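A.B. asks: Dropping a structure here in structure tokens format, bear with me for questions.
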Amino acid sequence: MMDSRIIVSALLLFLSLATVFAQTSAPNKACEEKNGTSCEECLSNVTCLWCIKTKSCVTYPVKTILPPHALCPLNDARWGLCWMNFQTLIITLAVIGGILIIAFLVCLFCCCKCENIGSKRFEAKMQRQANKTKTKQEERKAEMRERHEEIRRKYGLSGPNPYSKFA
């Protein structure tokens, strides 16, 4: 089971690295050919970045995570969607990521706390059942003793045991 996880993760890592190196080693000139066109036409290719200030279509710089200010300011850069600037996109994704991390941590904390409460309840329930069983058992023993005493009285065996001297 563990070997298959390692193999799958190594395969995914290899494929993602191959994709990155393929994009960085042979830059696609298709974006630069769309200079002077519209934002929608430029962004039809996922590797392109549209700059409103210069009205130019450039290949997204994958070596740097964010496009450098010299290439295009973040307020004027468009990637993926023409109506959302890159700065808003980054802020939105960061906020959503932060909310997801906080929600995960809260759920993790609550689940651990609830699990401890559940185990305490379970232990208390088991203790109650054990006490109940013990009480019933003691009642049955008392009934059996009473019945045996009744039988001994009925047959006159309630006195000293005649066989005690042999034991």
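The values are calculated or read from the model by the stated rules, or taken from the named source; none is laboratory data. Everything numeric in this text was worked out from a predicted model, so none of it was measured. Here Cβ is always computed from backbone atoms with ideal geometry, including for glycine, and neighbour counts include all displayed protein chains. Side chains are part of the model used for accessible areas, which takes the heavy atoms of the whole protein and leaves out ligands, DNA and RNA. Shrake-Rupley method; radii C 1.70, N 1.55, O 1.52, S 1.80 Å.
A.B. asks: Quick check on this structure: which one of THR54, THR59, THR47 is hydroxyl-bearing (Ser, Thr, Tyr) and in contact with a Phe, Trp or Tyr (Cβ under 9 Å, 6 or more places away or on another chain)?
C.D. replies: Result: THR47 is the single residue among THR54, THR59, THR47 that is hydroxyl-bearing (Ser, Thr, Tyr) and in contact with a Phe, Trp or Tyr (Cβ under 9 Å, 6 or more places away or on another chain).
A.B. asks: Let me ask something additional. Are any residues in segment 40-57 of a type outside the set (Val, Ile, Thr), assigned to a loop (DSSP other than H, G, I, E, B) and closer than 17 Å to GLN87 by Cα, and if so, which ones?
C.D. replies: Scanning segment 40-57 gives LEU43, LYS53.
A.B. asks: Now for a separate question. Filter segment 121-150 down to the residues that are open to solvent by less than 100 Å² (accessible area, probe 1.4 Å) and among the polar types (S, T, N, Q) and list them by number.
C.D. replies: Scanning segment 121-150 gives GLN129, ASN131, THR133, THR135, GLN137.
A.B. asks: Would you mention how many residues in segment 38-63 are touching a helix residue (DSSP H, G or I) at 6+ places or on another chain (Cβ under 8 Å), of a type in the set (A, V, I, L, M, F, W, C) and open to solvent by 40 Å² or more (accessible area, probe 1.4 Å)?
C.D. replies: Number of matching residues: 2.
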